[in-house]
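In what follows, a single structure is set out as structure tokens and then discussed.
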Amino acid sequence: MLKHSVLVLLLPLVSAAFIAFFLRKRGGLASAVSVATATAIAAISIILLNHGERFERSWEWLTLGSFTVSLGVKFDDLAALMLVIVGVVGLCVHVFSLGYMHDDQARSRFFGGLSIFMFSMIGIVLADNLFMMFIFWELVGFSSYVLINHYHEKQSASDAAKKAFIVNRVGDFGFLLGIIMCYWLNGTVSLTELGAHHVFSTAIPLLLFCGAVGKSAQMPLQVWLPDAMEGPTPVSALIHAATMVAAGIYMLCRIEPLMVPQALTVIMWVGTITALYAALCAIVQRDIKKVLAYSTLSQLGYMVAAFGLGTLVLTDTSIIPGTGKHPVMETSYWILGNGAGAAMFHLTTHAFFKGLLFLGAGSVIMGCHHEQDIFKMGGLRKKMPVTFWTFTIGVLAIVGMPGLAGFFSKDAILYLAMEKNTAVFAVLAFTAVLTAFYMVRMWKITFLGEARSDEAKHAHESSLVVTGPLLVLAVLSVIGGYSGVFAKLAGSVAHLVPEAEGSAHTTILLVSLAVMTLGAGSALFFYKSAATDTLEEKFRFGFSMLIWLKESFDRAYDYYVAKIQQRFAMVLNFLEQIVLAGVIIRGFAGFVGLVGYGARAFYTGSLHTYVYWFLLGAAVLWAFAAGVF
Amino acid sequence: MPSNAQLLQLAIATPLGAALVIALGLPKRFATKLAAVAFTVPALIALWLWAQFPAEGASHYQFLSTHDTGLAAGLGISLKLGLNGISLPMFLLAAIVGLAAGLYALRSGAERLKLYLTLLLIMHGGLLGVFASVDIFFFYFFHELALIPTFIMVGIWGGRDRNYAAMKLTIYLTVGAMLSLIGLIALYVKSGAHSFDLMALKEAIAHQGLAAATQKNIFGLLMFGFGILVSLWPLHTWAPLGYGAAPSSAAMLHAGVLKKFGLYGLIQIALPLLPAGAAWWAWKLALLAGVGNVLVVGFVTIAQRDLKQMLGYSSVMHMGYCFLGLACLSVVGTGGVVLLMVAHGLSVALLFMLATSVHHRTHTFDLAEMGGLAQKTPVLAGFFVAATMASIGLPGFANFWGELTIFVALWKFSPGLTAVAVAGVVISAIYGLRAAARIFFGPPSEQLAKVTAEHPPADLGWLERLPALILLAALLFFGFYPKALSQPVDQTLNPAPVERILPVHPSPPRT
């Protein structure tokens, strides 16, 4: 089984390299290679899941003195679950792309990019230590950069790719510092060894969390994700909805043993605020992909909040007097893991239904000849029946319709919040209302009513390679939440999912039904499938408040980049050119006078003079040595 | 079958000999062929020697050979060649970058190509000699041998401001070389070894030791002398200007390899021989490098509009990481510096080469006048993005390992400076990606549209691709298999060149 796991990591790398070097101009062949690789990955991931063997192995990669980085595989139930998600959703997206990217000029680059992404993502999943995770963490950032930049002739795509990479690096700044600190404090970065034993620290989990804030686009680094929608839609589905952005949550579950209560509180609030903020922003979006992007942000916030809501149980504390200034408090926390369980559960169902929604949006965009504004759509229900019905299932799953996947996982999180923190519970419940509201708004405006543009009038259903993956994901979005199915996928992780019992069960059921009905119902009645936004017409103030809210972050960052960072750089550059190069160094040169004059003298004559000087010096030295003097 | 020691001599002699033959008047068509051979032979030998280097237990020099120069009796100077675990990667770097620069020069079609090739071959031979010399007199001599052609090449084939650049380059580098020469002579005199042989010097100093004050003074001389050559802030201003003006192959060899001479000297000579001096200067060096090279120059790089200036400044910034690694005075830090020297040498050479290729197509280095070139030259864009990613430390490329090990070592020296250094990673992403985007992506600027309408740009041809592929392959190979570098380095550095002076961090409780 170890060989399988190594194979599943290396296959996509080989595929990407092969495409980059040999198939650059053969789009058809490149897509075939990439899809075949994705199929193999999905198959192997299912084999690994079913086989049940769980293992660990590592190889030394680099050694300098006491410092060693190793390359290893840690394949436990958590990794098995994540690998299957990446494999299955990955395969759906690859197949979908065959249709979606069929006429693209740069298909090879696109499919090569998908393969390099699969390689990087699987690396994160299998990594057995934090350095290795960081390596692949950066590599998914690179693949994301390449794929967002796919339509690179567009300024907006180029800007978005750059922004995504840089913002992620800001998060990685903390992540890397956290890893290094963890290395020196604990003497190891192996996940298993850290789980067995580690030093108490609040700084380490918080620094590591910075990485998740960047990759999973939590506040205040959420700004790159909506822009990342400039990439092709399948990329948005795979990378910016189902897998890569969820890597932050996966990483948190991996480092769960390092958590301390203070850190969890911070994580909980960051997630909660992100969930609410993004849901508010989603209400006023016109672009079908942007609605889904903000929805993804909001759902990621849900997962992060769920993780932060997890319980720590203190089992053993002992204080060892350290040799430094502070006594080293050695603590073993045993974590109940219900937060991680709930987060991974929602991650799984979200991967299915958000993958479905994005691919559905892709199908709609194809059908409407690359129109993305929902107010220019309408009436697609009859023209694109398969897309419509599968999309409807996705919408029902995300709003929490009982019986579908999202219902179960969202309930688990709401239940956890209800038990732990009433304020967080209130915010998350309100977010759930908003989620139902904006999803139904989009659904109604896109599919119902009359076609409002020529593109929508001439819309047509997509071909089987496009609708096939939609059907697969729709099935998963229905069944993925049932405990039998999830237990099969997640093994021991499934036991960690909190389940409400007795009266709490009734309460949480009523709450989630109420929020869904309230959100969905009001959107259904309030919005008309028309060419204009009803909210903008009737509540202009509220609408512009939401727009302001959405844009405030971008404005703040733009202000920082253009007015602070760039000006600071210009000032330093000015000082560098004028003061340093001009005054100080030249003044110094004048001080050394003779050297300066001498150098200038032989410069103005000829550079060759220098050569003669050098030879003369060598000759003198030689003579001296040979005893002439 | 010649012995490995003879092969090492052959590697240095080939380019120098070829330069002599070409200079004596070989016809042009033979000259280019001879040059191609002379650039290739050292690369093959370097690869062979690298494969022959023992996998373990090689803490001393391998492939040693000694030739008396007639100076051994009076001054203790003899041509002693050999490679240890630190010089081996550098020798390999010099050979690879030399090959790439040579191949690029052969197809460059420069005016007075024979003179150009002669100078480049002398430079190449000098560089190989620097890293193979065990005798510090020849170490210095080979450096000068490589340096002089640089001045001449900037003066003759340089671009904009070439006269000013050549002058500034000459003044700075001469001053730097003089300071370090004084330091080396002082070391020779104070050690009492009566020998320039590094191994004999080491023995003599281990035997009697040097007074702390002497160490402090000599280390200071070496640090600033070598520091100027490596562009230590604030003595770096020659670098962007010089590289901006230098012809591509000279810039590749100088920024890629020759610049590392100073760092290499500090690692091989100053750190092991002057531990107390190093400890005294460590914090000062770290502050200059951390605040000056990384932060200030990092921001200055963001403000650059000219592609070559930007590359020059970014190279200055990355040298800051090397100084920070040195200041840690630990195996991990010093080893990281060697990794980063090799990686940076490969990536910066690749970037300077590609910058020239971009210039051939845009007829400008001004970033504001470019844009959208990727539509016309996708392969060039691919190479440039890969080289940019390498230089900003993306895992998978060799640079990542250098930066990572330096950061790890630096934490023990100072967590605050580590934060500054890691912040540099964000800064380099900003200027690196901005440059790539301005050249290749988005719609083309008006000026570029005009230029491309007159001269439709062709994508990279095979002759241009070959040197780029060589450099990229090396970057990827060391990125995926860092042990190839770390193994020899670790053998030589472990045990540590310098014991840690600062109090040891409380070690974690282990059970």
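Miscellaneous remarks
- Sole exception among (1) more than 13 Å from chain B (Cβ to nearest Cβ); (2) of a type outside the set (S, T, N, Q); (3) under 25 Å from the mean Cα position of the chain (by Cα) for A:G113, by number: (1)
- Total residues in segment A:185-205, condition buried (at least 20 other Cβ atoms within 10 Å of the Cβ) and either in a helix (DSSP H, G or I) or within 13 Å of the chain's Cα centre (by Cα) (or both): 6
- Of the criteria (1) more than 11 Å from chain B (Cβ to nearest Cβ); (2) assigned to a helix (DSSP H, G or I); (3) of a type outside the set (D, E), which one A:H102 fails: (2)
- Listing of helices (runs of 4 or more DSSP H) fully contained in segment B:437-511 that carry 1 or more residues being facing another protein chain (nearest Cβ under 9 Å) and at pLDDT 80 or above: B:483-493
- The one condition in (1) closer than 25 Å to B:G325 by Cβ; (2) in contact with a helix residue (DSSP H, G or I) (Cβ under 9 Å, 6 or more places away or on another chain); (3) at pLDDT below 85 that B:A204 fails to fulfil: (1)
- Against the test of being of a type outside the set (K, R) and within 26 Å of A:T435 (Cβ to Cβ), the options A:E576, A:E501 yield a single qualifying residue, A:E501.
- Considering only residues in segment B:170-187 that are touching a Gly at 6+ places or on another chain (Cβ under 9 Å) and more than 12 Å from chain A (Cβ to nearest Cβ), the one that is nearest to B:T150 (Cα to Cα) turns out to be B:S180.
- Tally of residues being within 14 Å of chain A (Cβ to nearest Cβ) and either closer than 27 Å to B:G220 by Cβ or among the polar types (S, T, N, Q) (or both) across segment B:299-319: 9
- Here B:V134 meets the list (1) surrounded by fewer than 24 Cβ atoms within 10 Å (Cβ to Cβ); (2) under 24 Å from B:L179 (Cβ atoms) almost entirely, failing just condition (1).
- Within segment A:376-404, considering residues that are farther than 11 Å from A:K444 by Cα and among the aromatic types (F, W, Y), the one surrounded by the most Cβ atoms within 10 Å (Cβ to Cβ): A:F391
- If you go through segment B:395-414 and keep only what is among the charged types (D, E, K, R) and surrounded by fewer than 24 Cβ atoms within 10 Å (Cβ to Cβ), you end up with just B:K412.
- Single match in B:T66, B:T14, B:T32 (criterion: β-branched (V, I, T), surrounded by fewer than 20 Cβ atoms within 10 Å (Cβ to Cβ) and touching a residue at least 60 places away in the same chain (Cβ under 8 Å)): B:T32
- Among the residues of segment A:120-156, those identified as in contact (Cβ under 8 Å) with a residue 24 or more places away in the chain, of a type in the set (F, W, Y) and facing chain B (nearest Cβ under 9 Å) are A:F131, A:F134, A:W137, A:F142.
- Screening A:T446 on (1) β-branched (V, I, T); (2) buried (at least 24 other Cβ atoms within 10 Å of the Cβ); (3) closer than 21 Å to A:I267 by Cα shows it passes everything except condition (3).
- Check on B:F400, in a helix (DSSP H, G or I), more than 9 Å from every other protein chain (Cβ to nearest Cβ), out of contact with any strand residue (DSSP E or B) (no Cβ under 6 Å at 6 or more places or on another chain) and aromatic (F, W, Y): no
- Of the residues making up segment A:1-40, just one is within 25 Å of A:D76 (Cβ to Cβ) and among the basic types (K, R), namely A:K3.
- Taking residues in segment A:187-200 that are within 15 Å of A:F75 (Cα to Cα), and partners anywhere that are at pLDDT 80 or above and in a helix (DSSP H, G or I), the pairs with Cβ atoms closer than 6 Å and at least 6 places apart or on different chains are A:L191/A:R254; A:G195/A:P257.
- Members of segment B:272-298 found to be within 14 Å of chain A (Cβ to nearest Cβ) and either of a type outside the set (S, T, N, Q) or without any contact (Cβ under 8 Å) to a residue 40 or more places away in the chain (or both), listed by number: B:L288, B:V291, B:G292, B:V294, B:L295, B:V296, B:V297, B:G298
- The lone criterion from (1) under 21 Å from B:V337 (Cα atoms); (2) assigned to a helix (DSSP H, G or I); (3) within 11 Å of another protein chain (Cβ to nearest Cβ) left unmet by B:L394 is number (2).
- Complete set of residues in segment B:157-167 that are within 9 Å of another protein chain (Cβ to nearest Cβ) and either in contact (Cβ under 8 Å) with a residue 12 or more places away in the chain or acidic (D, E) (or both): B:A166
- Only one of B:A19, B:A5 that is in contact with a strand residue (DSSP E or B) (Cβ under 9 Å, 6 or more places away or on another chain), in a helix (DSSP H, G or I) and small (G, A, S): B:A5
- Qualifying residues in segment B:60-85 (those that are assigned to a loop (DSSP other than H, G, I, E, B) and modelled with pLDDT of 80 or more) - the one farthest from B:L8 (Cα to Cα): B:G85
- Just one of (1) part of a helix (DSSP H, G or I); (2) at pLDDT below 90; (3) not small (G, A, S) fails for B:T364. It is (1).
- Boolean, B:V426 is surrounded by fewer than 20 Cβ atoms within 10 Å (Cβ to Cβ), without any contact (Cβ under 8 Å) to a residue 12 or more places away in the chain, part of a helix (DSSP H, G or I) and within 11 Å of chain A (Cβ to nearest Cβ): yes
Quick grid of which residues meet (1) more than 11 Å from chain B (Cβ to nearest Cβ); (2) touching a Gly at 6+ places or on another chain (Cβ under 6 Å); (3) closer than 30 Å to B:I171 by Cα; (4) modelled with pLDDT under 75:
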{"residue": "A:S522", "(1), (2), (3), (4)": "yes, no, no, no"}
{"residue": "A:Y557", "(1), (2), (3), (4)": "yes, no, no, no"}
{"residue": "A:V571", "(1), (2), (3), (4)": "no, no, yes, no"}
{"residue": "A:G587", "(1), (2), (3), (4)": "yes, no, yes, yes"}
{"residue": "A:L594", "(1), (2), (3), (4)": "yes, no, yes, yes"}
{"residue": "A:G598", "(1), (2), (3), (4)": "no, no, yes, yes"}
{"residue": "A:L607", "(1), (2), (3), (4)": "no, yes, yes, yes"}
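- For A:S295, the criteria (1) farther than 22 Å from A:V140 by Cβ; (2) crowded, with 24+ Cβ neighbours inside 10 Å hold in every case but one, which is (1).
- Residues (of a type in the set (D, E, K, R) and surrounded by 24 or more Cβ atoms within 10 Å (Cβ to Cβ)) located in segment B:306-322: B:K308
- Condition broken by B:T237, with the remaining ones in (1) farther than 18 Å from B:V154 by Cα; (2) surrounded by fewer than 24 Cβ atoms within 10 Å (Cβ to Cβ) satisfied: (1)
- Test: residue in segment B:378-390 that is surrounded by 20 or more Cβ atoms within 10 Å (Cβ to Cβ) and closer than 21 Å to B:V296 by Cα: yes
The values are calculated or read from the model by the stated rules, or taken from the named source; none is laboratory data. Quantities reported herein were computed from a predicted structural model and do not represent experimental measurements. We place every Cβ from the backbone using ideal geometry, glycine too, and count neighbours over all the protein chains shown.
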